[in-house]
1. Would you check if there is a residue in the stretch 128-137 being crowded, with 23+ Cβ neighbours inside 10 Å, within 17 Å of A58 (Cβ to Cβ) and in contact with an Asp or Glu (Cβ under 9 Å, 6 or more places away or on another chain)?
2. Open to solvent by 20 Å² or more (accessible area, probe 1.4 Å) and at pLDDT below 90: does that describe L100?
3. Give the stretch 816-838 a look and list any residue that's open to solvent by 30 Å² or more (accessible area, probe 1.4 Å) and more than 26 Å from D782 (Cα to Cα), or say none.
4. For the stretch 742-782, give me each residue that is open to solvent by 40 Å² or more (accessible area, probe 1.4 Å), farther than 30 Å from P337 by Cβ and among the acidic types (D, E).
5. Do any helices (runs of 4 or more DSSP H) lying entirely in the stretch 240-335 carry at least 3 residues that are free of Cβ contacts under 8 Å to residues at least 24 places away in the same chain, of a type outside the set (A, V, I, L, M) and out of contact with any Pro (no Cβ under 7 Å at 6 or more places or on another chain), and which ones are they?
6. Give me the pairs: first residue in the stretch 409-426 and in contact (Cβ under 8 Å) with a residue 24 or more places away in the chain, second residue among the hydroxyl-bearing types (S, T, Y) and in a helix (DSSP H, G or I), beta-carbon distance under 8 Å, and six or more apart or on different chains, which are they?
7. Determine, yes or no, whether P593 is at pLDDT below 90, surrounded by 21 or more Cβ atoms within 10 Å (Cβ to Cβ), on the phi < 0 side of the Ramachandran plot and of a type outside the set (A, V, I, L, M).
8. Under 8 Å between Cβ atoms, which residue pairs at least 6 apart in sequence (or on different chains) link something in the stretch 595-616 that is under 15 Å from Q43 (Cα atoms) and of a type in the set (F, W, Y) with a partner that is part of a loop (DSSP other than H, G, I, E, B) and at pLDDT 95 or above?
Amino acid sequence: MAVQSSLSSGARWPARPLRQHAALGLMAASGFAGLGYQIVWTQQCALWLGHEAAAVLAVVTAFFGGLAVGAFACTPRIARSRHPGRWYAACELVIAVWSLAIALGLAPLSTAMLDLTGAQPTPAWQWTVAFVGTFVALLPATAAMGATLPAMERTLARWHGDAKRIAALYAANTAGAVVGVLAVAFWLVPTFGLVRTAALCATLNVACALGGARLFAGSATPTEKPADSDGSRNTLWRLAATGLLGIGYEIVVVRVLGQVTEDTVYTFALLLAVYLAGSTWGAAAYARRSEGPAHADAVRDRLLAWQAAACLLGTASLWGADSIRNGMLGALGPGMPAALAAEATLAILAFGPPTVVMGALFSHLSAQAKSASFGFGRALGWNTLGAAAAPLLLGMVLIPQGGAKAAALTVAIGYLALLSTSGRKLIVARLAAVAAIAVAVAAPPLTFLTIPEGGRVISHHEGPMAAVSVVEDADGVARLRIDNHQQEGSSASAFADSRQGILPLLLHPAPRHALFLGLGTGVTATAATRDPDLRVDAVELLPDVIAASSHFTGGTATAAPTNRLRTLAADARRYVRTSAQRYDVIVSDNFHPARSGSGSLYTVEHFEKVRDRLTADGVFCQWLPLHQLDLDTLRSIVRSFGAAYPGGWAMLATYSLETPVLGLIGRRDAGPFDVRRVQARLAEAAPSLRLADLGIPDAYALLGGFVAGPRALAAFAGNAPLNTDDLPVVAYRGPRITYAPVSLPRERLFELLHAVRIEPAELVRADPTTARRLAAYWQARDRFLEAGQHVRPTADVRRMLAQVREPLLAVLRISPDFRPAAEPLQRMAHALDRSDPEAALSLRSALMAVRPSRTELDDTPR
């Protein structure tokens with residue numbers, strides 16, 4: 001109390017320059033924490049909301065909506081208070097306490113939100129829960145954030161002019177946000193996790209509260225509520241409109257550049273950092289201008305005209321984004337720093353000029369509102385209210401309906417529409433209007449789609465979340481692309497995709513209900529429907545992918561449920577956590593680990609929830625794209641999988657060296673497989689599933705794909721960090737190999753094979769003879785793969801035979817059961833029958849010398 005009395009009298013207040021610098025420092029620290037929370041909350045909320053369009057946009061809407069509520073609700077009270085510094089300190093404390101509560105109460109909050117949403121909600125209900133639930137959950141913290149800047153502005157009102165004060169505080173706040181975005185994305189979350197990052201941000205809030213209470217405990221004169229006028233109301237409407245247009249422009253640019261960049265967590269962090277840095281620069285430049293412009297309306301109109309022109313200039317840079325990125329990568333060479341520099345350059349070109357003007361424009365409109373006695377808090381409230389509407393209007397309506405080009409032009413035209421009648425006479429405004437018309441007429445759509453020479457686009461659709469395309473090359477191979485990234489398979493990979501659907505089914509003795517997480521081309525799930533006794537559910541995040549899959553499956557994926565395949569447009573992780581259905585087999589697609597949201601499908605928590613959805617003897621298979629994974633990230637995934645399935649195994653989907661796919665296999669009962677039951681399952685399924693066409697003629701072909709047992713997987717994973725909901729290792733480590741591949745897929749495959757092993761007893765219950773033959777099969781498989789890396793494909797049969805004859809015969813001497821080595825030699829012998837009968841006879845004789853009379857598993861009782 002004594003300290004408060006002394007401070008209230010002003011006797012111990014710091015000198016004016018120190019107080020001003022301290023205020024800027026506090027706002028910078030608050031901005032750091034605020035954007036840190038936004039990143040943390042976005043990732044945490046996705047765990048219970050999923051990654052559907054409504055869920056992603058709900059966090060942005062809730063963030064800005066909460067800021068608006070706080071600015072509107074608290075500003076009048078702050079204006080009437082004699083101690084605005086206490087309001088500032090209290091708001092910082094509320095932010096800290098509530099943010100910690102959200103971080104520590106994530107599990108019960110997540111469960112409650114998931115239970116409320118349900119497994120298959122209607123779109124209206126899902127939107128309601130996503131937007132309202134997220135808004136309410138974050139409201140105490142976001143509302144307090146919305147009041148901190150007005151409280152600090154009110155505190156400094158006696159010592160600084162309006163325009164400079166507002167602009168300087170805004171610049172400091174956004175500068176701190178820039179540092180916060182980069183620090184959180186590149187260091188804090190990857191190193192410490194979400195909860196600890198939130199705790200660090202809360203510590204900053206507490207420090208800001210203590211600093212504000214100590215430095216700004218003096219009294220201030222209350223202000224009266226102003227009377228509305230037409231001019232002042234127009235200023236507020238302009239603040240709301242510029243908030244909507246500013247965030248709308250950000251949404252458009254992020255969507256477009258997602259088709260050019262690698263679209264990782266680092267990509268978004270760089271885009272957001274540049275956006276905030278430009279706003280900081282603009283606000284800081286405005287703060288240095290002379291105070292109190294004589295013609296505020298004229299300055300406003302010039303800024304609006306320049307804003308429209310800058311948005312058109314930034315939009316124009318997007319058409320050249322692909323060429324600019326490729327040129328920079330060619331000049332800088334390979335490596336993650338070079339790739340990130342190229343992405344940062346694209347962000348600067350698209351966001352630089354527009355956001356600089358945005359920072360100055362917001363500062364000027366806020367100063368106008370302040371000079372009209374509306375107060376800065378009310379100005380901030382209207383601006384953030386408009387920003388809260390942008391995700392819905394731009395992200396969910398305008399971009400899907402009209403495309404990115406139409407959305408970008410709408411933003412530029414929107415700024416021109418805010419000009420006063422006299423302002424429309426500005427030369428810049430006229431030029432911007434002419435440029436907008438020219439772009440609308442002449443420019444191509446803002447869509448990037450790589451079309452091979454001689455190829456064509458079969459389908460293309462821009463949805464709320466991504467652009468989904470099917471592109472066919474000159475050879476007739478169709479590929480599914482999402483945001484121009486080929487990651488979802490092709491018609492040429494139908495053999496491998498079908499095996500990924502069939503192999504896990506064969507490991508269950510009698511599956512009746514299967515779940516596929518991720519649809520892609522639909523080939524994997526459709527292959528499973530060949531089993532007449534099996535019902536198949538497939539969950540796919542993007543509805544447009546479900547529609548595009550018909551190009552690969554002949555319409556099966558979108559057919560009626562009577563065809564035994566039911567497709568669900570939902571987030572796979574959310575569906576697993578909310579569904580009450582149990583499945584005999586669950587197959588998870590090989591999701592690209594670097595892409596947004598994929599890392600959460602490789603966490604300990606998700607693997608455990610999948611286990612809970614299995615029947616008592618259920619089988620789970622998680623396919624992993626080894627051609628898109630570095631081994632360090634793989635170790636984290638393997639260790640996370642092992643936490644849920646300690647008795648799990650690993651197997652190869654095919655023997656491809658270019659696109660190796662590894663499967664992690666877990667059983668609910670954690671026991672080994674029974675050879676006799678495997679034999680019976682194969683015999684029963686062979687006709688309907690066409691196993692011979694898939695290279696699975698016998699049990700050796702099925703079990704021979706296993707490469708690691710529980711002990712080997714545990715040793716391989718070692719002490720790699722677990723990928724958890726709190727520490728999303730995969731999301732932050734996975735992009736490294738995408739930006740800068742350090743090895744070939746085959747090199748990673750061989751390094752893995754040399755690091756792991758498997759014993760027959762770890763996998764099956766079998767007699768000694770069968771166990772020996774299975775071990776020999778694995779040895780032959782590894783030799784076969786080693787030999788394959790030295791083969792140079794050629795259409796000349798003699799040249800090919802000269803390369804592979806002795807290596808393949810050596811493989812068959814190890815294991816006569818290894819048909820992948822025998823079958824190519826048989827085909828070459830058939831091809832030589834007419835051209836060189838003697839060579840064909842010699843090859844067949846060599847094959848007969850090494851192949852046994854029977855290759856099936858022994859039926860000898862154990």
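1. Yes, because at least one residue in the stretch 128-137 is crowded, with 23+ Cβ neighbours inside 10 Å, within 17 Å of A58 (Cβ to Cβ) and in contact with an Asp or Glu (Cβ under 9 Å, 6 or more places away or on another chain).
2. The answer is no for L100.
3. The answer is H830, A831, D833, R834, S835, D836, P837, E838.
4. E759, D782
5. Hits in the stretch 240-335: 321-332.
6. What qualifies is L409/T315; V411/Y249; A412/T315; Y415/T242; L418/T242.
7. Yes.
8. Close Cβ pairs (under 8 Å, with a partner that is part of a loop (DSSP other than H, G, I, E, B) and at pLDDT 95 or above) amount to Y602/N723.
The values are calculated or read from the model by the stated rules, or taken from the named source; none is laboratory data. All values derive from a computational prediction rather than experimental measurement. Heads up, the Cβs are rebuilt from the backbone with ideal geometry, glycines too, and the neighbour counts pull from every protein chain shown. Each accessible area value is taken on the protein alone, full model and side chains, heavy atoms only, with ligands, DNA and RNA left out. Shrake-Rupley method; radii C 1.70, N 1.55, O 1.52, S 1.80 Å.
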